[in-house]
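A quick write-up on the structure given underneath.
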Amino acid sequence: MLWSDITYTVRIMRRAPLFTATVLLTVMLALAANTTIFSVVNSVLLRPLPFREPDRLVQVAEKNDKLKLPTFASSVLNFLDWREQSHSFEDLAAIGFANYTLTGSGEAEQFSGYRISPALTRVLGIAPVAGRTFTNEEEQPGSAAVCMVGEGLWRRRFGGDRALIGTTILLNGTPTTVVGIAPAALNLSAIGGADIYTPLTIDRAQENRLNHLIVTIGRLKKGVSLERAQAEMNGVSARMGQQYPQIRYWGIHLLSLFDTFVSADLKNGLVMLMWAVVFVLLIACANIANLLLARAAARQNEMAMRSAIGASRGRLMRQLLVESVMLSLCGGTAGICLAFWAVRVINHSLPPNTLPVDAVEMDAPVLWFALGLTTVTGLLFGIVPAWRTAKVDLNSVLKQGGRGSTGRMSARLRNGLAAAEIALATVLLIGAGLFIRSLANLERVPLGFAPARLMTFQLAPPPTQYPLASKAPVFYRALLDALRAIPGARGAAVSSGIPFGNGTYSRHPMITTDRSILPSDAAVPIDWRIVSPGYFKTMGIPLVAGRDFTDADGPAPALPVTIVSQATAKKFWGDENPLGHTLRRSADPRIAFTIVGVVGDVRSTALTQEWPALYYPVASRVWPVMDVVVRANGAPEGLMAPIRQKVHELDAELALANVRTMDEWLSASAAQPRLNTVLLGVFGFVALLIASIGIYGVLAYSVSQRTAEIGVRMALGATPRGVLQLIAGEGMRVATIGIGTGVVAGLALGETVSSLVFGVPVRDPLTFACVAVVLAGVALAACAIPALRASRVDPIGALR
């Protein structure tokens, strides 16, 4: 019987190609959207981290409530004390960040890397692909130089050759022995990613307890909860605060490794998108149910004949549900194929590190989800029409000669489904409107610098050849002279971190002993970086007061100087002129940095916020990795060939990394909100299209069923205009109820997206009004064709 139902369904589908195509297209779009977003949700939120018992892994972070820093990096000395004093962990491991220039085996290339505790692989519960991990002895200063190569780099550059283990490569000019191949799981792309790993060697005498430079990860002992471990670490923190007064305001914050990898904004954004595609699916189900209800009248005679020859109501419902599920499976199959394409587009269009996974995958759980959802969808949109259609009154249908009517109850049901479609579409379009306005605000936000025509890249001269305190500043001075001499270059500068880049960009608490509007012991976290003379002019950052750095601003006996942003000056001295005042690092308050200049505020790490900033001169200190910026007279890409030539003339072994225009960095910084906006906009458009088809279908069916009534009305004197208003008014009543319900729901759900929008209130009257007007216009257009058709009914033909 099931096979008979399936073959009959195929014949039905072939006899009504327009109806079949409409249903298949609707299901395809809805299932493709759901499968695509579930693929992202599964990859980011549901799939367990690729470690042994990941629920026992935590990040041991520092916090400072006084500075409003809920989660901060750890210091090496604190990590060593935690490791000795805590009892809740099987082990603790630390991760430091580094960059390595690989030479001696092909073209020089720069890679990001980690300096890791030997215990890290044990804590994470992973094993090397080949070779071994680091030993505890290799954590000691003066141990032999060894490294592990990441699995991706091993396959990409070394062809997956296991003979690499035991060989020596040059990292930053130092011969280093490869002892193992690190698995892809050790890459930890959520916190920056790495291709090369070296041991984190620790010399207590060289460390500062207030230098927060590492990420600490621990594995809880079996049976120890996060709350119990937090209570123990609070005690450890209190004891250490008494022992070391300089960290008395610093505490310990434990958070699951999952929360480290997945930010709250990303989690909220994905949940919001999942609800959006659920709305699209519900709209699609309501629309198809409406189509099936409209089609039921034409099949009442068929159902009556089946019933007359012995078919039970259950048998009729099974036939109709088989038809619904078959339609859903065909449309769902096409939707899964479309989802494969959509996932590929997402993987290729998103900048690196937008998501905390290397790639979104459509794996077996996603396919099972898609198959289950397809089946449920077929049952969902088919159950009510099947129940109504199978509930046939044999005598009344046969008396009417097959002209039956679905009755007032069915009309109310169809109108209710159409209104529900409009309501759900209204909520989606309100969300899309808020996100579109938010993205527009992000793209218009004042950056504080001029990003156009800026080319950027990173250099990491090996410290063994270019000591940071002596030869490195000389090298950069020679490099900038060479770059400024390139035809078409308007300026060049170096910095330890460019806005929105991935260079060294940190924050440390600053204090002042001068007269200030703040309390005498107040420490303020300030973003800082090291820049060369001419950096502000090259970046287009205005110099508000004082002077720029010069080559004379170097180490002792030169006076320690700094340049601050307007926000920093206002934070400490209000409207008073800050020139001549001094700032000190709370970690080392012995040195007072005299303020010689004030520059404009710059958004550096996020488009949504500004932080107070200060700048140190490059002549006084150089970081191992520096960003180079070059401003061009024309297209910045045209300068790359002469830039590479100038760099290689100074040192042929240096590799340029992260070569991008500033516009590309800005685009990457807005990738996640742009993805949310584009997807929600697409889902809103699909919902609007399906809902408009639903209104059209309801009215078109109503006109076809009321042809005789309309003919009587016109025979009794009704004008075409009056009939037009009657039919259009019915459709607009349904649309108005749906729009009103959707607006109320949008007002109620507005707070759920408050953390995801920028510069626009979640109950923005303009967005709500525009959505209501657009939906009303689309609904009116959907009503127009059936209403015009009704106004042109020939009363003689209708009565005959």
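The values are calculated or read from the model by the stated rules, or taken from the named source; none is laboratory data. What you see is a predicted model; the values in this text were computed from it and never measured. When we count neighbours, we look across all protein chains shown, and the Cβ atoms used for this are built from the backbone with ideal geometry, even at glycine. Surface areas here come from the heavy atoms of the whole protein model, side chains and all, with no ligands, DNA or RNA. Shrake-Rupley method; radii C 1.70, N 1.55, O 1.52, S 1.80 Å.
Taking every residue in region 34-59 that is assigned to a helix (DSSP H, G or I) and open to solvent by less than 30 Å² (accessible area, probe 1.4 Å) and pairing it with any residue that is among the basic types (Lys, Arg) and modelled with pLDDT of 95 or more, at least 6 positions away or on another chain, the pairs with Cβ-Cβ distances below 6 Å are Arg56/Arg219.
Restricting region 60-106 to residues that are at pLDDT below 90, among the β-branched types (Val, Ile, Thr) and open to solvent by less than 20 Å² (accessible area, probe 1.4 Å) leaves a set whose member that is farthest from the chain's Cα centre (by Cα) is Thr103. Of all residues in region 464-516, those that are under 30 Å from Ala73 (Cβ atoms), out of contact with any strand residue (DSSP E or B) (no Cβ under 9 Å at 6 or more places or on another chain) and of a type in the set (Lys, Arg) total 1. Among residues of region 296-321 being open to solvent by 20 Å² or more (accessible area, probe 1.4 Å) and of a type in the set (A, V, I, L, M), the one that is modelled with the highest pLDDT is Leu321. Residues in region 107-121 include at least one that is under 26 Å from Ile196 (Cβ atoms), touching a residue at least 40 places away in the same chain (Cβ under 8 Å), open to solvent by less than 40 Å² (accessible area, probe 1.4 Å) and aromatic (Phe, Trp, Tyr). Here region 601-616 is the region considered, the condition is being aromatic (Phe, Trp, Tyr) and not in a loop (DSSP other than H, G, I, E, B), and the residue that is nearest to Ser755 (Cα to Cα) is Tyr615.
Filtering region 747-755 for residues that are under 19 Å from Phe279 (Cβ atoms) and outside any helix (DSSP H, G or I) leaves an empty set.
If the condition is being at pLDDT below 85 and either closer than 17 Å to Arg515 by Cα or part of a strand (DSSP E or B) (or both), then region 554-589 contributes Ser586, Asp588, Pro589.
Among the residues of region 590-600, those that are touching a helix residue (DSSP H, G or I) at 6+ places or on another chain (Cβ under 9 Å) and either part of a strand (DSSP E or B) or farther than 20 Å from Gly448 by Cα (or both) comprise Ile595, Gly597, Val598, Val599.
Filtered by the rule that a residue be of a type outside the set (A, V, I, L, M, F, W, C), within 21 Å of Met662 (Cβ to Cβ) and buried (at least 17 other Cβ atoms within 10 Å of the Cβ), region 485-512 gives Gly491, Ser495, Ser496, Gly497, Pro499, Gly501, Asn502, Gly503, Thr504, Tyr505. The set of residues in region 666-678 being part of a helix (DSSP H, G or I) and either closer than 19 Å to Val445 by Cα or open to solvent by less than 30 Å² (accessible area, probe 1.4 Å) (or both) consists of Leu666, Ser667, Ala668, Ser669, Ala671, Gln672, Pro673, Arg674, Leu675, Asn676, Thr677. Listed by first and then second residue, the pairs linking a residue in region 234-253 that is over 10 Å from Glu62 (Cα atoms) and assigned to a helix (DSSP H, G or I) to a residue that is open to solvent by 70 Å² or more (accessible area, probe 1.4 Å) and among the aromatic types (Phe, Trp, Tyr), with Cβ atoms under 9 Å apart and 6 or more places separating them unless they lie on different chains, are Gly241/Tyr249.
Scanning region 160-180 for residues that are open to solvent by less than 20 Å² (accessible area, probe 1.4 Å) and among the hydrophobic types (A, V, I, L, M, F, W, C) returns Leu164, Ile169, Leu171, Val178, Val179. Regarding Arg515, is this residue open to solvent by 60 Å² or more (accessible area, probe 1.4 Å), of a type outside the set (A, V, I, L, M), more than 36 Å from the chain's Cα centre (by Cα) and modelled with pLDDT of 90 or more? Answer is no for this residue.
Scanning region 534-579 for residues being touching a helix residue (DSSP H, G or I) at 6+ places or on another chain (Cβ under 6 Å) and surrounded by 21 or more Cβ atoms within 10 Å (Cβ to Cβ) gives a total of 1. Of all residues in region 181-197, those that are open to solvent by 20 Å² or more (accessible area, probe 1.4 Å) and of a type in the set (Val, Ile, Thr) total 1. If you check Gly694, Gly750, Gly746 for being open to solvent by less than 50 Å² (accessible area, probe 1.4 Å), closer than 30 Å to Ala440 by Cβ and modelled with pLDDT under 85, only one passes: Gly750. Filtering region 483-497 for residues that are more than 34 Å from the chain's Cα centre (by Cα) and among the β-branched types (Val, Ile, Thr) leaves a non-empty set. Whenever a residue of region 368-382 is under 9 Å from Gly332 (Cα atoms), its partners that are of a type in the set (Val, Ile, Thr) and open to solvent by less than 50 Å² (accessible area, probe 1.4 Å), lying with C-beta atoms within less than 6 angstrom and at least six residues away or across chains, give the pairs Ala370/Thr35; Ala370/Ile336. Taking Val531, is it under 21 Å from Gly597 (Cβ atoms), open to solvent by 30 Å² or more (accessible area, probe 1.4 Å) and among the β-branched types (Val, Ile, Thr)? Considered against the rule, which asks whether it is under 21 Å from Gly597 (Cβ atoms), open to solvent by 30 Å² or more (accessible area, probe 1.4 Å) and among the β-branched types (Val, Ile, Thr), Val531 comes out as no. A residue that is under 17 Å from Gly104 (Cα atoms), in contact with a helix residue (DSSP H, G or I) (Cβ under 8 Å, 6 or more places away or on another chain) and open to solvent by 20 Å² or more (accessible area, probe 1.4 Å) can be found somewhere in region 137-159.
Residue count for region 205-233 satisfying the condition of being of a type in the set (A, V, I, L, M, F, W, C) and in a strand (DSSP E or B): 5.
For region 324-362, a residue qualifies if it is open to solvent by less than 60 Å² (accessible area, probe 1.4 Å) and part of a loop (DSSP other than H, G, I, E, B), and the qualifying residues are Leu350, Pro351, Thr354, Leu355, Pro356, Val357, Ala359, Val360, Met362.
Of all residues in region 112-135, at least one satisfies being at pLDDT below 90 and within 37 Å of the chain's Cα centre (by Cα).
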